[in-house]
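Read the structure below first, then the notes.
The values are calculated or read from the model by the stated rules, or taken from the named source; none is laboratory data. Predicted, not measured: the structure shown is a model, and the values here were computed from it. Backbone-built Cβ (ideal geometry, glycine too); neighbour counts: all protein chains shown. The accessibility values were calculated without ligands, DNA or RNA, using every heavy atom of the protein model including side chains. Shrake-Rupley method; radii C 1.70, N 1.55, O 1.52, S 1.80 Å.
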Amino acid sequence: DLPDLHGILRGSDTLTVGAACSLSVLLTELKAAAANTPQFDAVVRHLKLVAHPQVRDRGSWAGNVMLAKTHPDFPSDVCLLLTLLNAKLTLVDASQARQSVDVISFLSDSSLPRTGSKAQIIHSVNIPHPAANSFVDTFKIMRRHMNAHAELNAGFLFEFSDSSGTAITSARMVFGNVIHRPFVAEQTCKALEGKNLTSDTLAAARNVLEDEIRANIVDATVADPPFVVVDKGYRQALASNLFFRAALRALASRVGPAVLSPEELSAIE
């Protein structure tokens, strides 16, 4: 049902967008949702760095996901953002049987989408709203301010125990162009859970992240295009620095910038 692929369902705590919807439609829907869920503002800003308006008007978000599926070196911003938000793809076959799968599993599993007599297509994506007590920040490091792929992209989501405290209940960090799909820094996230967001906590977590990135980072599988051939050490340093910047921004958003040193203040600008 082609009209179904253009469908949009706006729930109180989720947003479902059909696979045929363009990147511009996805951006517009997230911008509207940001009125009640301001954490989406960072995602909207990031999506505006994907290609340019004419491409976003024509290209679908699902097409971007399939491009990442078929070209593992492609550091998809869409896949990174959907992974950060813990979004789920819905796959459907001709009998209308549906399967829900997270983005990383979809990209990693060679059997998805199914082909043959029970072939599947992407039907839609379900995006949960971040919790009210959470902070979201994203980055795209590229050689030009637009129309460029990421040398490294990253997304951070910190969820806190209450509306103003610094106790982290959960964290999610996703990096692009570290491995051949979005990389979730699970060890670093676990190191932050249950901790107060302080300078000491950040320093310890940064060490964990640097070890985690170093243990997993890979080279490109192709020599061209050149955006994927970026020095490992440079990407490792970027990942560490972007985490520190996002975490300092999160801390400032909770307790105000006065708790930061002048050096830390300069880092978050």
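Say we look at segment 140-161 and pick out the residues that are open to solvent by less than 20 Å² (accessible area, probe 1.4 Å) and either in a strand (DSSP E or B) or among the polar types (S, T, N, Q) (or both); which of these is farthest from Val174 (Cα to Cα)? Within segment 140-161, the match that is farthest from Val174 (Cα to Cα) is Phe160. Those residues that are surrounded by 18 or more Cβ atoms within 10 Å (Cβ to Cβ) and touching a strand residue (DSSP E or B) at 6+ places or on another chain (Cβ under 8 Å), I need them from segment 185-212; list them, please. Those that are surrounded by 18 or more Cβ atoms within 10 Å (Cβ to Cβ) and touching a strand residue (DSSP E or B) at 6+ places or on another chain (Cβ under 8 Å): Ala185, Thr188, Cys189, Leu192, Leu197, Leu209. None of Thr188, Thr166, Thr138 is in contact (Cβ under 8 Å) with a residue 60 or more places away in the chain and more than 29 Å from Ile8 (Cβ to Cβ) except Thr166. Residue selection: Ser124 satisfies the criterion of being open to solvent by less than 60 Å² (accessible area, probe 1.4 Å), under 19 Å from Leu47 (Cβ atoms) and out of contact with any Lys or Arg (no Cβ under 8 Å at 6 or more places or on another chain).
Just so you know, in segment 34-50 the residues that are open to solvent by 20 Å² or more (accessible area, probe 1.4 Å) and of a type in the set (A, V, I, L, M) include one that is nearest to Gly155 (Cα to Cα), and it is Leu49.
Report the residue count in segment 98-120 for those that are among the aliphatic types (A, V, I, L, M), touching a helix residue (DSSP H, G or I) at 6+ places or on another chain (Cβ under 8 Å) and either over 24 Å from Glu29 (Cβ atoms) or assigned to a strand (DSSP E or B) (or both). Show your work before the answer.
We begin by selecting, within segment 98-120, every residue among the aliphatic types (A, V, I, L, M); these are 101, 103-104, 107, 112, 119.
Pick out the ones that are also touching a helix residue (DSSP H, G or I) at 6+ places or on another chain (Cβ under 8 Å) and you get 103-104, 107, 112.
From what's left, either over 24 Å from Glu29 (Cβ atoms) or assigned to a strand (DSSP E or B) (or both): 112.
Within segment 98-120, residues that are among the aliphatic types (A, V, I, L, M), touching a helix residue (DSSP H, G or I) at 6+ places or on another chain (Cβ under 8 Å) and either over 24 Å from Glu29 (Cβ atoms) or assigned to a strand (DSSP E or B) (or both) number 1.
Cβ-Cβ distances below 9 Å connect the following pairs, each with a first residue in segment 249-269 that is touching a residue at least 40 places away in the same chain (Cβ under 8 Å), a second residue that is among the β-branched types (Val, Ile, Thr) and open to solvent by 40 Å² or more (accessible area, probe 1.4 Å), and a separation of six or more residues or different chains: Leu251/Thr198; Leu251/Val259.
The one condition from (1) closer than 18 Å to Val136 by Cβ; (2) open to solvent by 20 Å² or more (accessible area, probe 1.4 Å); (3) not basic (Lys, Arg) that Thr16 does not meet is (1). Among what's in segment 62-116 and is touching a residue at least 24 places away in the same chain (Cβ under 8 Å) and among the basic types (Lys, Arg), pick the residue that is farthest from Val50 (Cα to Cα). Per the stated criteria, the residue is Arg98.
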